[in-house]
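These notes concern the structure reproduced below.
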Ligand SMILES: CC(C)(COP(=O)(O)OP(=O)(O)OC[C@H]1O[C@@H](n2cnc3c(N)ncnc32)[C@H](O)[C@@H]1OP(=O)(O)O)[C@@H](O)C(=O)NCCC(=O)NCCS
């Protein structure tokens, strides 16, 4: 770690590790997974290909992809104990449910404590399959439906939508959702991935590292922002007159409130993921006959850019994209986890493979040393 980080708030620009997985150039708006530009990946590969890429640092051939798809399909069914636990939970926030359920998964995994690299890899595959099934089934139960068994013939994105709705999704919906999963899969040392790596560096188990990451992702400064964006749009109201939208955003900015879905620690230009999500939001909005959410989003983007010089991040247009796909708002951040589990596990496996405890220092700013210890009865 660099030595000039004393007191640097939020570890901004601090290089905390080296990694083969993800490269970002925040000035040029470049995001790449193992050297592949996100603009090339997003329109043309599946989430499963990205998982393979992140875990193996190369794209799979057809046979390797087929093997991974079979492994994911085999790991998708939700076990009876998990279903019972899910049904016993109160109607909590989706991320709180996912955190509890992911933690519980470890109790039913015979390899939970196995530290052999092959076992860690198998757990990464199982966690990726299970997180999608858990989120879809949770959403289904919250909507008052019964759980739907996965269909092994479907790919990851299609199966998620099927388990969530009970209906065969359209090719347009599958492609859009698959692209969203590809776009969210990894992002270098974002807060949740860093949390996962810090945990993994103590040589704790993969499940514990992932549960920590889920907790970090939930926050409104990280993955929680996508649900906040949709709540903001709904608060303004469908087909809200643009003057009303402008007035509300101006008031928020004047009150120094943060607008969810804007700003980024690393990008100083357009977040390349937002480029794709903006396009998807526009197309899906038009197709579903509900393009007012996209139009409002576009207006908000122009206002925040003009007033604050801030660009939309991955969360801004993912909100209206998921809304157009009919996904409940409570699942937006859990869906982020459904994708990011690929990146979290890739980073944790990388950490295990070349580990050293992550233990930085703090710049002490408390009372001077030494303080005289006053006995309790004299304080
Ligand atoms: C992403 C984020 C946490 C990055 O934080 P950061 O690098 O620590 O930047 P800061 O929070 O210090 O913001 C720097 C300045 O921009 C402003 N700013 C940042 N994001 C803003 C937003 N979304 N809306 C309005 N103002 C914002 C801050 O108020 C601050 O202004 P100031 O210097 O006048 O005090 C931050 O932009 C944010 O909170 N965004 C909203 C939540 C969000 O969308 N998160 C998802 C990230 S992918």
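Read the figures in this text as sums done on the coordinates, not as results from a lab. These figures come from a predicted structure and were not determined experimentally. Cβ: placed from backbone, ideal geometry, glycine included. Neighbour counts: every protein chain shown.
Got a sec? Which helices (runs of 4 or more DSSP H) wholly within region 290-379 have at least 1 residues that are more than 22 Å from residue 136 (Cβ to Cβ) and more than 16 Å from the ligand (Cβ to nearest atom)?
On the way: elements: 292-308, 314-324, 332-353.
Here the list reads 292-308, 332-353.
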Filtered residues of region 249-266 (kept if more than 6 Å from the ligand (Cβ to nearest atom), surrounded by 14 or more Cβ atoms within 10 Å (Cβ to Cβ) and part of a loop (DSSP other than H, G, I, E, B)): 266
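If I filter region 84-96 down to residues being buried (at least 16 other Cβ atoms within 10 Å of the Cβ) and touching a residue at least 60 places away in the same chain (Cβ under 8 Å), which single residue comes out as farthest from residue 207 (Cα to Cα)? First the steps, then the outcome.
Within region 84-96, the first condition is being buried (at least 16 other Cβ atoms within 10 Å of the Cβ), and the residues that meet it are 85-86, 94-95.
Checking the rest, the ones that are also touching a residue at least 60 places away in the same chain (Cβ under 8 Å) come to 94-95.
Working: 94: 18, 95: 16 Å.
Within region 84-96, the match that is farthest from residue 207 (Cα to Cα) is 94.
So how many residues does region 205-231 have that are more than 9 Å from the ligand (Cβ to nearest atom) and touching a residue at least 40 places away in the same chain (Cβ under 8 Å)? Break it down into steps so the answer makes sense when it comes.
To start, the set of residues in region 205-231 that are more than 9 Å from the ligand (Cβ to nearest atom) comprises 205-218, 227, 230-231.
Subsequent filtering for residues that are touching a residue at least 40 places away in the same chain (Cβ under 8 Å) retains 205-211, 213-215, 217-218, 227, 230-231.
Of the residues in region 205-231, 15 are more than 9 Å from the ligand (Cβ to nearest atom) and touching a residue at least 40 places away in the same chain (Cβ under 8 Å).
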